[in-house]
Structure formats: C-alpha cells, structure tokens
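Asker: Handing you a structure now.
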Amino acid sequence: MPSTKEIEEALGHVLVPGIGRSLTQLNMIRDIEVTSDKLKVTLASTAIDSANQDSVRASARDVLEKLHEIKEVDIEFVEAKPQELNQIGHVLAIMSGKGGVGKSLVAGLLAVGLNRKGYEVGVLDADITGPSIPKMFGITTRPSGNDTGILTVQARSGIEIMSINLFLPHEDDAVIWRGPLIGKAIQQFWQDVVWGKLDYLLVDLPPGTADVPLTVMQSLPVSGVIIAFTPQDLAAMVVRKAVNMAQKMDIPILGMVENMSYLVLPETGKKLEIFGRSKGEEMSKAAGAPLLGQIPIDPEIARLCDQGDIERYDSDVVNGLAQALIQTMPSRQGE
C-alpha cells in the first residue's frame, strides 16, 4: 500500500484553480485514511467554490487511482479557517523611517532572491494607501475566493502576492481610509488569506512609525524587521526612529539595507556616491544589526519595475541580499 508521503506527493500535482499552487503547498490535506485497498482523503474547502471543488476532486481522484494497490478513492471536503492552513516559517516586516527610500523595492528584491534560492515566499503589501508591489510584479489579476477565505495571486516565478490594489476597479484609484479601516484590512490579509506553506512572508509596511506598522507588529507573529534607508542625513535621522520603534516593540532588527547607495559609471566602473557618503556601517552600528546590502542606482531596476518585471532583474545584489538575510537566521538554513 502507498505511504502517507507517497499520497501527499501525488496530491502535490493537483493544482487549486485560481492560484496555481498545489493542495500540498496550500496545506489543504486535512486527513488521509488507508483501509485495505481503499483510500479516503479529506481536503479543506477554504476559498474554493463548489464548481472548483468538483474539479479538484476529479483531479485528486485521477492521480490517486494511479497509486499501486488502490482500487477505491473517496475525496471529501471539510471547512477550515485560513489560519488553520497557514504554516509560515518567518514573517519579516520591511520598514523605513520615511517615504521615498525604496522600501518596496527592498521587499521585492528580497522576495525574488529568496525565491531563486528555492524558498516558498509571499509578499503582503501592507502599504494600503500607497501599494506598489503588484505594479513591480506586473500583477493585475483579481484574487479569487469566497466568504470562507481569499486566495493569493501568484507572480510569474511563484511568489505569492496580496495587496489592496488587486481589489480596486482601477490600479490608480485612491484608498481614502482612516487608520482603523486600514488596520482592519491588514488583519484580514493575515487572517482571511490562504497563504498555505511558506518559508518567508515579507510584509511591505508603509513608511513611518504610525498605525499600520504598529498594527502589524502587534497583530502578526513578526520574526524580525529589515530597515531600508538611503545615504542622506535626513534619512539617517529617521532610521533611528524606526529602530527605536522596533526595539520598543521588542522585535529583533534582522538587518539594514541601504538603497541608492551609489551609481556605477558605465565608462569607468567607478562608484559615484550621488547622495553622499554611505551611511551603511553607521546605521548598522546604531541598530545593532548587520548591513545586509547596498543597492545601487541602476536604471535597469527602474525600467523592470515600471514594466512589472522585477523578477527578471539579474544582479549579484539580489542574491547577496537573500544570502545575507538567510545567514542572520541560521535555524532556517538547510531547509
């Protein structure tokens, strides 16, 4: 008879309509029973309507009936809350003391780098009034689901994305909400979205230290924060505010990322510090956290982000950021 592992591997080939992730990836396998030559599998119905349940049932039965010594397959669905399905290794908040420092770019590049290293990655766009993650990844698809849960939208490389912009009639529509409504939306993105099994969930926070960062740090099991900044004196000053907030919330600062650190002159390869001398080491020391990387001013980054192709950016910067982050969390290495 097939083992539980073999059955789960078979179900790993069954994709859930509307997202392109498997039953195994979404952690929708609730129970497996093998009796003689009969197999009964119980799946979560969360965020899957009746028509798609029929499709999943048929696909699951098809792959399971091919297993050795299985003559009868029974597929049942049960209700489950999204929180019962979600297994997330690390929730990382990407924050900055002020706007315009490229915080969302840092979140996007980290997601791409971790994904390239084989990790299951999701991005929760918590910048409700200024969402930019969908634009960077070229996503316009509306999330699917029902009153039992919401499915994420998958980027080309498999990164899971959730953003308020995906629910708006037009991507440039303004979200004019007060703090309590914004906080409620963040909580729903955590509680009502089926993230499934992820190694990393990156939360792209709005700039500053106000309502949303506070809501995220109080409501989500944040493993640590990554702070983005630029070399200017003003940016360095407000970095300390973000550092102070994280410390007061007793959340570890995993690392610092300096954006717009320098420009490489194509003629000579010389690095030109347009915004002044790098403050990477200074900010790293002030935060008591490592400098994960320095992102240059690169027209190619801007071009690809504008085109929704951030996943195509090929640079040592991407791999370096991801590798440096992984090294700050040795308990997760080797997964």
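The values are calculated or read from the model by the stated rules, or taken from the named source; none is laboratory data. None of these values were measured; they are calculated from a predicted model. Here the Cβ is made from the backbone with ideal geometry for all residues, glycine too, and neighbour counts use every protein chain on show.
Asker: At pLDDT 95 or above, of a type in the set (A, V, I, L, M, F, W, C) and outside any helix (DSSP H, G or I), is that true of residue 292?
Answerer: So residue 292 passes the test.
Asker: On to the next question. I need a count of the residues in segment 231-243 that are touching a Ser or Thr at 6+ places or on another chain (Cβ under 8 Å) and farther than 17 Å from residue 206 by Cβ.
Answerer: 1
Asker: When you scan segment 97-118, do you find a residue that is surrounded by 15 or more Cβ atoms within 10 Å (Cβ to Cβ), of a type in the set (Ser, Thr, Tyr) and not in a strand (DSSP E or B), even just one?
Answerer: For segment 97-118, residues surrounded by 15 or more Cβ atoms within 10 Å (Cβ to Cβ), of a type in the set (Ser, Thr, Tyr) and not in a strand (DSSP E or B): present.
Asker: May I ask you to list the residues in segment 247-298 that are over 22 Å from residue 234 (Cβ atoms) and β-branched (Val, Ile, Thr)?
Answerer: 251, 264, 268
Asker: Let me ask something additional. Are any of the residues in segment 73-96 farther than 30 Å from residue 244 by Cβ, free of Cβ contacts under 8 Å to residues at least 40 places away in the same chain and in contact with a Phe, Trp or Tyr (Cβ under 8 Å, 6 or more places away or on another chain)?
Answerer: Looking for residues that are farther than 30 Å from residue 244 by Cβ, free of Cβ contacts under 8 Å to residues at least 40 places away in the same chain and in contact with a Phe, Trp or Tyr (Cβ under 8 Å, 6 or more places away or on another chain), one finds none in segment 73-96, hence no.
Asker: Look through segment 137-175, keep the residues that are in a loop (DSSP other than H, G, I, E, B) and hydrophobic (A, V, I, L, M, F, W, C), and return whichever of them is surrounded by the most Cβ atoms within 10 Å (Cβ to Cβ).
Answerer: Looking at the filtered set, the residue picked out is 159.
Asker: List the number of the failed condition for residue 155; all other conditions in (1) without any contact (Cβ under 8 Å) to a residue 60 or more places away in the chain; (2) small (Gly, Ala, Ser); (3) in contact with a Gly (Cβ under 9 Å, 6 or more places away or on another chain) hold.
Answerer: Unmet for residue 155, out of (1) without any contact (Cβ under 8 Å) to a residue 60 or more places away in the chain; (2) small (Gly, Ala, Ser); (3) in contact with a Gly (Cβ under 9 Å, 6 or more places away or on another chain): (1).
Asker: Next question, about the same structure. In segment 241-258, which residue that is among the β-branched types (Val, Ile, Thr) and under 23 Å from residue 320 (Cβ atoms) is surrounded by the most Cβ atoms within 10 Å (Cβ to Cβ)?
Answerer: 257
Asker: Residues in segment 15-31: is at least one among the hydroxyl-bearing types (Ser, Thr, Tyr) and either part of a loop (DSSP other than H, G, I, E, B) or surrounded by 14 or more Cβ atoms within 10 Å (Cβ to Cβ) (or both)?
Answerer: Yes - at least one qualifying residue is present in segment 15-31.
Asker: Do we find that residue 124 is out of contact with any strand residue (DSSP E or B) (no Cβ under 8 Å at 6 or more places or on another chain) and either surrounded by fewer than 24 Cβ atoms within 10 Å (Cβ to Cβ) or of a type in the set (A, V, I, L, M, F, W, C) (or both) in this structure? Talk me through it step by step, then tell me what you get.
Answerer: Values: out of contact with any strand residue (DSSP E or B) (no Cβ under 8 Å at 6 or more places or on another chain): no; either surrounded by fewer than 24 Cβ atoms within 10 Å (Cβ to Cβ) or of a type in the set (A, V, I, L, M, F, W, C) (or both): yes.
Taking the combined requirement at face value, the residue does not satisfy it.
Asker: Taking only segment 256-309 into account, find how many residues are in contact with a strand residue (DSSP E or B) (Cβ under 9 Å, 6 or more places away or on another chain), without any contact (Cβ under 8 Å) to a residue 40 or more places away in the chain and under 22 Å from residue 134 (Cα atoms).
Answerer: So the count comes out to 2.
Asker: Identify all residues within segment 295-311 that are in a helix (DSSP H, G or I) and exposed (fewer than 14 other Cβ atoms within 10 Å of the Cβ); write none if there are none. Full working, then the answer.
Answerer: First, the residues of segment 295-311 that are in a helix (DSSP H, G or I): 299-306, 310-311.
The answer is 299, 300, 302, 303, 306.
Asker: Got a number for residues in segment 63-78 being loosely packed, with under 14 Cβ neighbours inside 10 Å and at pLDDT 95 or above? Give the derivation first.
Answerer: Applying the first criterion (loosely packed, with under 14 Cβ neighbours inside 10 Å) to segment 63-78 yields 65-66, 68-69, 71-72, 74, 76, 78.
From the residues that got through so far, the ones that are at pLDDT 95 or above too are 74, 76, 78.
Matching residues across segment 63-78 total 3.
Asker: Which residue is modelled with the lowest pLDDT, if the candidates are limited to segment 119-130 and must be of a type outside the set (A, V, I, L, M, F, W, C) and under 14 Å from the mean Cα position of the chain (by Cα)?
Answerer: The qualifying residue modelled with the lowest pLDDT is 127.
Asker: Working only within segment 17-31, note down all residues that are under 26 Å from residue 119 (Cβ atoms) and either modelled with pLDDT of 95 or more or among the basic types (Lys, Arg) (or both).
Answerer: Initial filter on segment 17-31 (under 26 Å from residue 119 (Cβ atoms)): 17-30.
Across segment 17-31, the qualifying residues are 21, 22, 23, 24, 25, 26, 27, 28, 29, 30.
Asker: For the subset of segment 179-233 comprising residues that are acidic (Asp, Glu) and under 15 Å from residue 162 (Cβ atoms), which member is nearest to the chain's Cα centre (by Cα)? It would help to see each step written out before you state the result.
Answerer: Of segment 179-233, the ones acidic (Asp, Glu) are 192, 199, 204, 211, 233.
Adding the requirement that they be under 15 Å from residue 162 (Cβ atoms) leaves 192, 204.
On the way: 192: 15, 204: 9 Å.
In this case the residue turns out to be 204.
Asker: Where the second residue is surrounded by fewer than 21 Cβ atoms within 10 Å (Cβ to Cβ) and aromatic (Phe, Trp, Tyr) and the first is closer than 15 Å to residue 124 by Cα and not assigned by TED's automatic domain parsing to the domain that holds residue 93 and lies in segment 199-216, which pairs have Cβ atoms under 7 Å and are six or more apart or on separate chains?
Answerer: Between residues of segment 199-216 that are closer than 15 Å to residue 124 by Cα and not assigned by TED's automatic domain parsing to the domain that holds residue 93 and residues that are surrounded by fewer than 21 Cβ atoms within 10 Å (Cβ to Cβ) and aromatic (Phe, Trp, Tyr), there is no close pair.
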